[in-house]
Amino acid sequence: MQKKVVIIDYNLGNLFSVKQACDTIGINSKISSNKADIEDADGLILPGVGAFIEAMQNLNNLGLIDSIKNNVKNGKPIFGVCLGLQLLFSRSEEFGSGDGLDLISGTIKKFPAIVEDKKIRVPQIAWNKIYSYKQDWKNSPLYNISENEFMYFVHSYYVDPTEESCILTKTNYSGLDYCSGILKENIFATQFHPEKSAEKGISIYKNWATLNNIL
């Protein structure tokens with residue numbers, strides 16, 4: 001029987017571009033906000049564009065928080081994209097303070113207005129490089145991606161993990177080095193948008209599905 005991936009719909013995000021990427025490389029995917037679909041899925045994708053607190057409120061209103069957390073804690077693979085990466089962490093400083101899914105320990109912080117005595121433009125809306133940090137990419141969904149490959153970013157906040165061992169990629173924006181990708185056991189997530197990062201970016205979806213035996 002063909003494996004199934006659920007793209008979690010919580011009324012914020014780049015759902016259809018992610019679905020198109022999955023369709024392009026043959027992942028059997030479905031956009032859903034139904035807990036039964038999440039339970040039945042072989043893998044989960046948590047996309048997102050927007051505000052952290054609103055996203056968590058939407059997940060709570062849909063009754064999806066415990067379902068996502070329990071499935072991931074039980075070993076189901078999850079792929080977080082952009083805001084979806086940030087939601088996996090403990091808390092965010094956006095608009096004060098808000099709790100996340102707390103699947104990975106760390107805080108979401110806003111880009112500072114000034115880095116190295118220079119003003120920086122926020123949000124970052126740009127193609128930017130990713131480079132390896134604590135982990136070798138050969139056993140990750142980035143195994144066919146070159147060091148310093150350009151990926152597409154759109155964000156004002158970045159993740160600051162408590163444990164650096166989960167950091168898979170970093171990126172430098174106007175002098176600030178920050179975590180742009182993580183891998184911890186069955187959790188993989190990127191701050192950049194692979195589905196908007198041309199052929200190499202879309203291949204990351206295929207690599208993730210292949211490594212998790214869901215393609």
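The values are calculated or read from the model by the stated rules, or taken from the named source; none is laboratory data. It should be emphasised that the depicted structure is a prediction, and the values quoted were computed from it without experimental measurement. Counting neighbours? That spans all protein chains shown, and the Cβs are built from the backbone with ideal geometry, glycine included. The accessibility values were calculated without ligands, DNA or RNA, using every heavy atom of the protein model including side chains. Shrake-Rupley method; radii C 1.70, N 1.55, O 1.52, S 1.80 Å.
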Q: Could you check TYR143 against (1) of a type outside the set (Val, Ile, Thr); (2) within 15 Å of LYS110 (Cα to Cα); (3) surrounded by fewer than 16 Cβ atoms within 10 Å (Cβ to Cβ) and say which number it fails?
A: (2)
**Q.** ILE204 open to solvent by less than 10 Å² (accessible area, probe 1.4 Å) and closer than 21 Å to LYS69 by Cα
**A.** no
Q) When you look at ILE114, is it at pLDDT below 95, open to solvent by 90 Å² or more (accessible area, probe 1.4 Å) and of a type in the set (A, V, I, L, M), yes or no? A) yes
Q) For the stretch 146-168, which residues satisfy the criterion of being of a type in the set (Val, Ile, Thr), farther than 23 Å from LEU15 by Cβ, assigned to a strand (DSSP E or B) and open to solvent by 10 Å² or more (accessible area, probe 1.4 Å)? A) none
Q. What do you reckon, is THR171 without any contact (Cβ under 8 Å) to a residue 60 or more places away in the chain, open to solvent by 10 Å² or more (accessible area, probe 1.4 Å) and outside any loop (DSSP other than H, G, I, E, B)?
A. no
Q: Just need a number here: residues in the stretch 174-186 that are within 17 Å of the chain's Cα centre (by Cα), aliphatic (A, V, I, L, M) and open to solvent by 10 Å² or more (accessible area, probe 1.4 Å).
A: 1
Q. Restricting attention to the stretch 118-135, which residues are assigned to a strand (DSSP E or B), of a type in the set (D, E, K, R) and modelled with pLDDT of 90 or more?
A. LYS119, LYS129
(Q) Just to verify a result, which residue in the stretch 16-49, among those that are in contact with an Asp or Glu (Cβ under 6 Å, 6 or more places away or on another chain) and among the aliphatic types (A, V, I, L, M), is farthest from GLY75 (Cα to Cα)? (A) ALA21
**Q.** Filter result for GLY106 (assigned to a helix (DSSP H, G or I) and under 30 Å from SER67 (Cα atoms))
**A.** no
**Q.** Residue check for TYR131: without any contact (Cβ under 8 Å) to a residue 60 or more places away in the chain and more than 23 Å from MET56 (Cα to Cα)
**A.** yes
Q) Given (1) over 23 Å from ASP177 (Cα atoms); (2) in contact (Cβ under 8 Å) with a residue 60 or more places away in the chain, where does SER67 come up short, assuming only one miss? A) (2)
